[in-house]
Structure formats: C-alpha cells, structure tokens
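Quick notes on the structure that follows.
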C-alpha cells in the first residue's frame, strides 16, 4: 500500500470531527455530486473539498488532480480522507496524493454509496448507509 491506509466511513467521520485539520476530499464526478448527493460536514464547521479523479462525462483520469488538490488549499501534512462512490477511485486518488507529497492520505472504503446488493442496489454499506450526514440536490 502506497498511502496511509484504509478507513471506514465512520472512522473518517470520527477523525474529521475530532481533528480540526482533517480534510475530506470527494473525488467523484460533478454529476455524482449534483445528482447523488454529498457528505455534509456543516455540523463540523467544514466543507467537503471537491476534486474529480475522473472527469465527467468521458471518464478520463483528471491529469490535473494533484494540481487541483493543491489549488484547493489542502495542506500536505493534514490527514486527508479520499471518498468516491464505492472505495475504488479513492484508492487511486490517495496513491496519487501520496506521490504528490500528501503524507497522510487515506482511502474511505465503501465510499459514499458502497457496493451493490443482490438486486444491484447500493444499500449495503458506505457513508449514506452508515447514517452519516449528507445532502442532495
């Protein structure tokens, strides 16, 4: 593993709540942010940093990901938690951030919606299923 490690959504929430400098970066697409929803960190006095790992609609890897992370003001020594839909793109994002100098990059396993159940619904695990705060639309 070339990043700081994997955490559950609940573990990420705990660190975001308890450590003032901790940052949540949502690496999903603009369409996902708009139509599926976003983690809500308002009760923590924080905002989610939004940087696409893959661009919408073509799905190409965002070649400016590290530059956009830096432009968003994410401190390189902060604990940073990367979140995607199911915990796959966020691994790649955490690895890229680590290569870019962020020394405490973590992947949020299960992501925002988690994997599919038997009916191919995303209702098994993830940020939303864990009952963590989120907003839509």
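All of the numbers you see were taken from the coordinates with simple rules; none came from a lab. Here the structure is a predicted model, which is why all the values come from computation and not from measurement.
Determine the percent antiparallel among the DSSP beta bridges restricted to the chain, to the nearest 5.
20
Helix-derived [θ] at 222 nm for the chain: sum -39500 (n - 2.57) over DSSP H runs of at least 4, divide by residue count, nearest 500?
Calculated at 222 nm, the ellipticity per residue is -7000 deg cm²/dmol.
Restricting things to alpha carbons, tell me how big the chain is in terms of Rg and Dmax, in Å.
13.7, 41
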